[in-house]
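The values are calculated or read from the model by the stated rules, or taken from the named source; none is laboratory data. All of these numbers come straight from a predicted model, not from anything done at the bench. Virtual Cβ from ideal backbone geometry, glycine too; neighbours counted across all protein chains shown.
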Amino acid sequence: MTFKNLSLVLLSFLISFQCLAQAGVSDGFSAEEEDLNIGGDIFSDFNEDIESNQVMEDERFFRYGRFFTFSFSLGITTFSGNRGIVTENAIPSYGLQLTVFRDFQTAISMGIGFSRHTMYFDQTTLEGFNGEAPGLVQVGQLRVYVGYKYYMDTANLGTAITYSNPYLTGRLEYWYTTNKFIDNENIGNRSGGGLGVGLGGGLEFPIKLKESYLGVEILYHNVNFHDKNTGSFQPVVDDLGGDAYTTMVSYIWNW
């Protein structure tokens, strides 16, 4: 009897130990699963926060933002270098621009501009005119461009700065230059185009909020004018190198 009882006790002990071991392993896996679930919830919540913030920002833009603007501009175009030395600038320069907003701070612009200038050479010793004096030269500068605008965040600045809507802009431009020799019919028109970039910035003051604005923009233009390396006007100037500068005042319609 004693041996039989001892066997029963040992058997009961082994069965109990096995059950406890299985329960421990199960609890371990459950804990790990809970940890993984907790981690998954963190990333899920993070993604949900990002999506929620984006939705809120989009809703705010559709409610308070500007979608696109159209502007008409008047101003002046000037030149540096040898081109600036021999050029008289007519006023005004003209411009038309369409701007499409991506959000509160970024926009894509495209437009066209035109300015008129004059040069005058009464010398008969110029290199490129076979002993004839060109006289008055009327210069037309037509340019088309596509650009990018970045409107600065002014939320923490003063009211006056906030309402001025300051921005920076960069453009890829194409300038087409036409030279008409008004005083000498024996000399044909000379024309050609060149690529350039424009860099600068501006301000847009609201006239009627979200409907109309008054804009001021100043730009520097580095342009590969088709005749910038010409020696035709020697010895007056060695070439027609130089950069362009524009200052424009715009009336802006907003939608």
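Brief remarks on what is shown
- The residues of the range 149-176 that are in contact with a strand residue (DSSP E or B) (Cβ under 8 Å, 6 or more places away or on another chain), in a loop (DSSP other than H, G, I, E, B) and either farther than 15 Å from LEU203 by Cα or not aliphatic (A, V, I, L, M) (or both), listed by number, are ASN165, PRO166.
- Pick from the range 201-212, criterion assigned to a strand (DSSP E or B) and not polar (S, T, N, Q), ranking: surrounded by the fewest Cβ atoms within 10 Å (Cβ to Cβ): LYS208
- Candidates in the range 166-185 are the residues that are surrounded by fewer than 18 Cβ atoms within 10 Å (Cβ to Cβ) and under 25 Å from ILE252 (Cβ atoms); of these, the one that is farthest from the chain's Cα centre (by Cα) is TYR174.
- Selection from the range 93-111 of residues that are over 11 Å from the mean Cα position of the chain (by Cα) and part of a loop (DSSP other than H, G, I, E, B): ASP103, PHE104
- When each of GLY231, GLY196, GLY188, GLY215 is tested for being of a type in the set (Gly, Ala, Ser), buried (at least 16 other Cβ atoms within 10 Å of the Cβ) and either at pLDDT below 95 or over 18 Å from ARG143 (Cα atoms) (or both), the lone residue that passes is GLY215.
- Selection status of GLY242, modelled with pLDDT of 95 or more and either outside any strand (DSSP E or B) or outside the structural domain of ASP122 (by TED's automatic domain parsing) (or both): yes
- Just one residue in the set GLU185, GLU217, GLU127 is free of Cβ contacts under 8 Å to residues at least 40 places away in the same chain and among the acidic types (Asp, Glu); that residue is GLU185.
- When the range 110-149 is filtered for residues that are out of contact with any Gly (no Cβ under 9 Å at 6 or more places or on another chain) and either of a type in the set (Phe, Trp, Tyr) or closer than 27 Å to PRO166 by Cα (or both), only PHE129 remains.
- Residues within the range 102-128 that are surrounded by fewer than 19 Cβ atoms within 10 Å (Cβ to Cβ) and farther than 17 Å from TYR251 by Cα, tallied: 15
- The condition of being among the acidic types (Asp, Glu) and at pLDDT 90 or above does not hold for GLU127.
- For the range 196-206, the criterion of being of a type in the set (Val, Ile, Thr) and within 17 Å of PHE79 (Cβ to Cβ) is met by at least one residue.
- Filter pass, LEU157 being buried (at least 16 other Cβ atoms within 10 Å of the Cβ) and in the same structural domain as ILE218 (by TED's automatic domain parsing): no
- THR162 in the same structural domain as ASN89 (by TED's automatic domain parsing) and farther than 24 Å from PRO134 by Cα: yes
- In the range 128-148, the residue that is nearest to THR77 (Cα to Cα) out of those that are part of a strand (DSSP E or B) and among the aromatic types (Phe, Trp, Tyr) is TYR145.
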